[in-house]
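Each remark here refers to the structure printed beneath this line.
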Amino acid sequence: MTKNEEEKVLKPESIKKPIKKVIENIKSKKTSAKNFNHKNKPENTVIELQNKKKLMTTKLHKSYQKRNTASRNLKSMKIAFLGGLNQIGKNITVFECNNDIIIVDCGMAFPDGEMLGIDFVIPDFSYLEANRDKIRGLVVTHGHEDHIGAIPYLLKKINVPIYATPLTIGLITGKLKEHRLLGSANLNTVTVGNRVRLGCMDVEFINVNHSIPDAAGLAIHSPAGTIVHTGDFKIDCTPSRGNMIDLARFSELGKEGVLAFMADSTNAERPGYTMTEKNLDESFERLFLKAKDKRIIIATFASNIGRIQQIINCATKYGKKVAFSGRSMINYVAIAQQLNYLDVPSGTIIDIDLITKYSKNEIVLVTTGSQGEPMSALHRMAFAEHKKVDVGPEDFIIISATPIPGNEKTVGTVVNELMKLGCEVVYESMYETHVSGHACQEELKIMQGLVKPQYFIPVHGERRHLIKHAKLATSMGMPETNVYVGDSGDIIELNVNSMKKVGQIPLELILVDGIGVGDVGSIVLRDRKHLGEDGLIVLVATLDSSDKHVISGPDIVSRGFVYVRESEHLMEEAKTIALNVLEECADHQVRDWGYIKTKVRDELYRLFHNKTRRNPVILPIIMEV
C-alpha cells in the first residue's frame with residue numbers, strides 16, 4: 001500500500017467532514033457562565049469526538065486489512081480440457097486446486113473418414129505426465145467407451161487410483177484384463193450418494209439417468225468452491241433400471257452455492273424432453289408380434305444394458321432364445337450378469353454356435369454394429385462375411401440406435417446391403433426403436449434452474465451443441481460474461497471473483513493402429529490417403545557396382561494405379577524413361593543414391609501425370625551387385 005493510499009484509509013473524507021462541522025458548531029456557541037460546567041466544556045467534547053474518530057479509523061483500517069488478507073488467500077480452481085470439447089468422444093477433464101489434481105473420465109474417440117486404417121483415437125497425456133506428482137485419482141462418471149476407453153493407455157504411463165460405480169468398475173476391469181494391467185491397477189468402487197476425498201477436493205457421486213446403469217454426476221467440493229459436473233445424463237422418471245435422477249440433491253447443491261456448472265450438451269439442439277426408456281417396451285412388443293414367424297436380429301450398443309434387459313424380457317415373454325454376437329457385446333453381457341445388472345431366466349441365453357439347432361422363429365440374436373462399423377457383426381452379416389450367421393428373407397432386423405454424427409452413411413450402406421439380401425429392416429425413423437441417453441432442452445433448463453451456478457461451462461459436444469447450450473443458459477438469466485464455451489486444450493481459472501482462460505495446452509493427435517500407439521501421424525495418414533486415391537508404382541533396377549550401369553531391369557509393379565495388362569504401352573514407356581535416367585546418371589558418374597532416385601521419380605511422375613492426370617506414389621528400389 002502506498003503512503004497516499006494509507007492516508008486515504010486513515011483519514012477518509014467521510015470522517016473528516018462531520019467532525020470538522022461539529023467542532024465549528026461548538027466554537028460558535030455562546031455558553032453562559034451560569035450554565036457552564038466542566039462536563040460540558042467544549043474542549044472535552046472535542047477530545048471525545050477525536051477519540052471517536054480514532055476508534056472509527058482503527059476499525060476501518062482493520063476492515064481493509066481483513067479484506068486485503070481475504071483477497072490474498074482467495075482459492076482458485078484450474079480446469080484443463082484434454083478432450084471432449086468440439087467433438088463427440090475422447091472425454092477427459094483435469095481439475096487442479098492447491099497442487100492437487102483429479103481427472104474426470106478418460107475416453108477414446110472413433111476415427112473419422114480421413115483416418116484410414118486407424119482403430120481409435122486417445123487423448124494426449126503429456127500434460128498429465130508433466131504433472132504426475134499432483135495427481136490424486138481418476139474419477140469416472142460411467143462405463144461408455146468415450147469415457148473409459150483410454151484408461152489402459154493412461155495407466156501404462158501413470159498408475160493412478162480409479163474411482164467409479166460398481167458396473168463402471170466391472171467394465172474397466174474387463175478392459176484392463178485385455179491389456180494385462182489388472183494386477184497393478186488400483187480400482188475403488190463408490191456407490192452413488194457417497195464421497196471420496198482426493199487431496200484438498202471432496203468428490204461426491206450423484207445418481208443420474210443415462211443409457212447405461214450406474215451413471216453418476218459429480219459434485220467436486222474444493223477450497224475454491226463447488227463444481228457440479230453432470231456427466232452424460234437425462235431426466236427419466238421411469239428408467240428401465242435403477243432410480244430416477246437425484247434432482248433433490250442437485251437442488252440442495254444449488255441452495256448451498258455452486259461456483260461452476262458443467263453440463264452435457266449432446267442434445268442441446270433438440271427441443272422438449274428425451275423420451276423415457278419405458279416407451280420402448282411397447283415398441284418391442286409390437287415388433288416381436290410382427291416378426292413372430294421370423295428370426296429377430298437386433299443391433300444395439302453393447303453398453304446399453306437396459307436395452308438388452310428389455311430385449312431379454314420380450315424374448316422370454318414370447319418363448320424365444322437369446323444369443324449374442326460381437327466380442328464387445330459378449331463381454332458387456334458377461335460382466336453385467338456377473339454383477340447382477342441383468343435379470344435372465346434360466347435357459348434363455350444360448351451360445352451362438354447352437355442357433356442352428358433351433359428354428360429361426362425361435363431365435364433373437366442381439367449384435368453389435370448399430371453404427372455400421374466395418375468390422376462389426378452386423379456389417380459382416382450384411383456383406384455375407386459372418387462365419388456363423390447367414391441372413392436372408394427369413395430375418396427381421398431391428399437397428400436400435402441412432403447414428404452418431406458422421407456415421408449416417410455407413411449405417412445406410414449396411415441397411416441397403418441387408419435389404420438386398422431380402423431382410424426386413426427396421427430403424428429409428430420407422431418405429432420407436434431407440435431413445436437417447438442425453439437430455440434435451442427442457443431438461444437442460446431444469447438442471448440449470450436447480451443448480452443456480454455462478455458460472456456455466458457447456459461440455460460434451462461439438463461446437464454447435466456447446467453454443468446452443470450456452471444460449472439456453474443466457475436465456476434463463478445467466479450473464480454472458482459468466483459463460484465459457486471452450487475448446488480442447490484450454491485451461492481456465494475460476495474463483496468467486498472471476499473466470500478466465502489462462503493457458504492453452506498443445507495437444508497431439510494420438511492414433512491407435514493395432515498395437516501401435518502414436519506411431520501413425522499426419523505424414524503416414526497423408527501417404528495412406530495418397531495411396532488410396534492414386535495407387536502405387538514400384539520400380540526395381542539392379543546396377544553394376546563398378547560402373548553403375550543397369551544390368552537388370554528396370555521392372556515396374558503397379559498397385560491401385562492401372563491394370564498392367566491393359567496398360568502395357570504406358571508401362572513400357574515408363575521402363576524406357578527410367579532406363580534412360582539411370583544410364584545418364586551412370587555416364588555422368590553420379591554416385592548420390594538420393595539424387596538418382598529423385599531423378600527417376602520426377603521423370604516417371606511427369607509421364608504418368610501427362611498420360612493419366614493421376615499422381616501415384618512412386619517408389620524406386622535400386623540395388624547394385
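General remarks:
- Comparison of Ile305, Ile296 shows that the only residue that is at pLDDT below 90, under 36 Å from the mean Cα position of the chain (by Cα) and buried (at least 24 other Cβ atoms within 10 Å of the Cβ) is Ile305.
- Members of the stretch 228-266 that are of a type in the set (S, T, N, Q) and more than 12 Å from His210 (Cβ to Cβ): Thr238, Asn243, Ser251, Ser265
- In the stretch 156-180, the residues that are over 17 Å from Tyr332 (Cα atoms), of a type in the set (A, V, I, L, M) and more than 18 Å from the chain's Cα centre (by Cα): Ile158, Val160
- Look at the stretch 108-132: where a residue is farther than 16 Å from Gln371 by Cα and among the acidic types (Asp, Glu) and a partner is open to solvent by 10 Å² or more (accessible area, probe 1.4 Å) and modelled with pLDDT under 80, sitting 6+ places away or on another chain with Cβ atoms under 8 Å, you get Glu114/Leu525; Glu114/Lys529.
- Matching entry among Leu525, Leu539 (being touching a helix residue (DSSP H, G or I) at 6+ places or on another chain (Cβ under 8 Å) and either within 21 Å of Lys599 (Cβ to Cβ) or not in a strand (DSSP E or B) (or both)): Leu539
- Of all residues in the stretch 562-598, those being farther than 23 Å from Asp544 by Cα, open to solvent by 70 Å² or more (accessible area, probe 1.4 Å) and in a helix (DSSP H, G or I) number 4.
- Considering each residue of the stretch 78-85 in turn, none proves to be open to solvent by 10 Å² or more (accessible area, probe 1.4 Å), more than 24 Å from Tyr455 (Cβ to Cβ), part of a strand (DSSP E or B) and of a type outside the set (Asp, Glu).
- Within the stretch 200-256, the set of residues being farther than 29 Å from His434 by Cα, in contact with a Pro (Cβ under 8 Å, 6 or more places away or on another chain) and open to solvent by 40 Å² or more (accessible area, probe 1.4 Å) is empty.
- Residue-level analysis places Phe205 outside the set of residues that are touching a strand residue (DSSP E or B) at 6+ places or on another chain (Cβ under 7 Å), closer than 21 Å to Gln310 by Cβ and touching a residue at least 12 places away in the same chain (Cβ under 8 Å).
- Residues (open to solvent by 50 Å² or more (accessible area, probe 1.4 Å) and either of a type in the set (A, V, I, L, M) or at pLDDT 95 or above (or both)) located in the stretch 505-520: Leu507, Leu509, Ile515, Val517
- Long-range neighbours under 9 Å by Cβ, at least six apart or interchain, first residue within 15 Å of Arg559 (Cα to Cα) and open to solvent by 40 Å² or more (accessible area, probe 1.4 Å) within the stretch 599-625, second aromatic (Phe, Trp, Tyr) and part of a helix (DSSP H, G or I): Arg614/Phe608; Asn615/Tyr605; Asn615/Phe608
- Meets criteria (over 25 Å from Lys278 (Cα atoms) and modelled with pLDDT under 95) for Arg195: no
- Val557 satisfies every condition listed in (1) open to solvent by 40 Å² or more (accessible area, probe 1.4 Å); (2) touching a residue at least 24 places away in the same chain (Cβ under 8 Å); (3) assigned to a strand (DSSP E or B) except (2).
- Of Ile537, Ile523, all but one fail to be under 30 Å from Pro123 (Cβ atoms) and either surrounded by 14 or more Cβ atoms within 10 Å (Cβ to Cβ) or hydrophobic (A, V, I, L, M, F, W, C) (or both); the exception is Ile523.
Each row is one residue, and each column tells you yes or no for (1) in contact with a Cys (Cβ under 6 Å, 6 or more places away or on another chain); (2) modelled with pLDDT of 95 or more; (3) not hydrophobic (A, V, I, L, M, F, W, C).
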| residue | (1), (2), (3) |
| --- | --- |
| Asp232 | no, yes, yes |
| Asp236 | no, no, yes |
| Leu247 | no, yes, no |
| Ala260 | no, yes, no |
| Phe284 | yes, no, no |
| Phe288 | yes, no, no |
| Thr300 | no, no, yes |
| Thr316 | no, no, yes |
| Asn331 | no, no, yes |
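- Residues that are at pLDDT 95 or above, crowded, with 21+ Cβ neighbours inside 10 Å, more than 10 Å from the chain's Cα centre (by Cα) and in a helix (DSSP H, G or I) occur in the stretch 126-134; there is at least one.
The values are calculated or read from the model by the stated rules, or taken from the named source; none is laboratory data. Everything numeric here is computed off the predicted structure, so don't read it as measured data. Glycine gets a Cβ as well: all are built from the backbone with ideal geometry, and neighbour counts include every protein chain shown. Remember, those area values only see protein heavy atoms, side chains included, never the ligands or the DNA or RNA. Shrake-Rupley method; radii C 1.70, N 1.55, O 1.52, S 1.80 Å.
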